Amino acid sequence: MPYVIGVDLGGTNFAVGAVSTDGAQQRTFTSELTRRERGADDIVGRIATRVADVIARTIAETGASEADFLGVGIGAPGPLRRIDGVVVLAPNLGWRDYPLRDRVAAAVGLPCTLENDANCATVAEWWIGAAKGAKNVVGVTIGTGIGGGLIIDGALYHGSSDVAGEIGHTTIETAGRRCKCGNYGCLEAYASGPAIAERARESLDANGASSLSALAGGDPMALTAQHVFDAARNGDALAIEVVRDTARYLGAGIANLLNIFNPEVVVLAGGVTGAGAQLLAPLQAEVRRRAFRPAVDVVRIVPGTLGDRAGVVGAAAAFLAETGKGA
């Protein structure tokens, strides 16, 4: 059985795994902290080490040979150029014009492709996950940053310069918070994991009456989005309001996408979606309030089913699509 190695590179972690060319087998997933402060070349070196380890472990588990590994698909954040494999801008990594594809290819000795990480997660859910069989799909990844992917008429849509689907950098407040991309008022600056934590810290400073401080060990700078969701689940009024505001921001952004693309499915992926119904229910209500009724009537807004494997699976699928080596 042929395999592709998928690499999902994020601002906080990167993950590597082996995926069979029919998507049915997903093996030897492994991950570690990205540690952006060490620099891009250090990250590439550690990715190469993980790729070699995944290949060796998959061979040991399945009896495959090295010839069964067709190449490496890489999913990376930020605007990029697929044609020459360059990450143009990755604010959460501090990269600009970095030739990621060729650096990884040189390090692992295998052909590589480069695709946007949110596109990868969307393709994975469309290939074997929550959006399987749909013709028009919007994917939204919510974690360290916010990304998006578009499946239009059964094909991944890249746009004219590979930046289609950057929902995280659509403006929802014209004079709003400064985003790491340099703009103001981006959705990512309000509803990504770090942004949720930041808004909670600000509310904590203003109010003080909340269990959030204790959850963060008394250190406001240690507060995370997960702390906010945990506190909201336990009835903390401040945390509940932060979650509701997050749902409103995301709902507004997704309603815009419904009115533009009229998808059958919106798939939500990434760490923040682990909040579950406490985020999803008010988000869906906001979408219903803002989007045109005919668009709302046909869409399903659902969490992804692949969890933290979506990026790796989608990176492998993108490699197969770009190279024509699929099953």
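The values are calculated or read from the model by the stated rules, or taken from the named source; none is laboratory data. Computed from a prediction, not measured in an experiment: that's the story for all the values here. Cβ coordinates were reconstructed from backbone atoms using ideal geometry, including for glycine residues, and neighbour counts include every protein chain displayed.
Being surrounded by 16 or more Cβ atoms within 10 Å (Cβ to Cβ) and more than 14 Å from the chain's Cα centre (by Cα) is the filter here; which residues of the range 130-156 pass it? Ala130, Ala131, Ala134, Asn136, Val137, Ile151, Leu156, listed by residue number. Scan the range 28-50 for residues that are surrounded by 19 or more Cβ atoms within 10 Å (Cβ to Cβ) and more than 26 Å from Gly148 (Cα to Cα) and the total you get is 3. Looking at Gly133, Gly168, just one residue is in a loop (DSSP other than H, G, I, E, B) and not basic (Lys, Arg), and that residue is Gly133.
Within the range 1-22, the set of residues being outside any strand (DSSP E or B) and either over 19 Å from the mean Cα position of the chain (by Cα) or of a type in the set (S, T, N, Q) (or both) comprises Met1, Pro2, Thr12, Thr21, Asp22. Tallying residues that are in contact with a helix residue (DSSP H, G or I) (Cβ under 9 Å, 6 or more places away or on another chain) and buried (at least 21 other Cβ atoms within 10 Å of the Cβ) within the range 93-113 yields 8.
Scanning the range 51-80 for residues that are buried (at least 19 other Cβ atoms within 10 Å of the Cβ) and closer than 30 Å to Lys180 by Cβ gives Val51, Val72, Gly73, Ile74, Gly75, Ala76, Pro77, Gly78, Leu80. When Tyr190, Tyr249, Tyr184 are screened for being modelled with pLDDT of 95 or more and either more than 19 Å from Ile142 (Cα to Cα) or surrounded by fewer than 18 Cβ atoms within 10 Å (Cβ to Cβ) (or both), only Tyr184 passes. Quick check, is Glu125 among the acidic types (Asp, Glu), farther than 21 Å from Gly253 by Cα and at pLDDT 95 or above? Taking the combined requirement at face value, the residue does not satisfy it. For the range 205-221, the condition of being closer than 30 Å to Val16 by Cβ and touching a residue at least 24 places away in the same chain (Cβ under 8 Å) holds for none of the residues. Contact map, the range 157-184: residues that are within 15 Å of Asp117 (Cβ to Cβ) paired with residues that are acidic (Asp, Glu), Cβ distance under 7 Å, separation 6+ or inter-chain. Pairs shown: Gly168/Glu188; His169/Glu188. Could you tell me whether Val87 is hydrophobic (A, V, I, L, M, F, W, C) and either in contact with an Asp or Glu (Cβ under 9 Å, 6 or more places away or on another chain) or over 30 Å from Ala56 (Cβ atoms) (or both)? Answer is yes for this residue. In summary, Ser31 fulfils each of the numbered conditions (1) part of a strand (DSSP E or B); (2) free of Cβ contacts under 8 Å to residues at least 40 places away in the same chain with the single exception of condition (2). Scanning the range 171-180 for residues that are part of a loop (DSSP other than H, G, I, E, B) and closer than 17 Å to Ala252 by Cβ, we see that the one that is nearest to the chain's Cα centre (by Cα) is Cys179.
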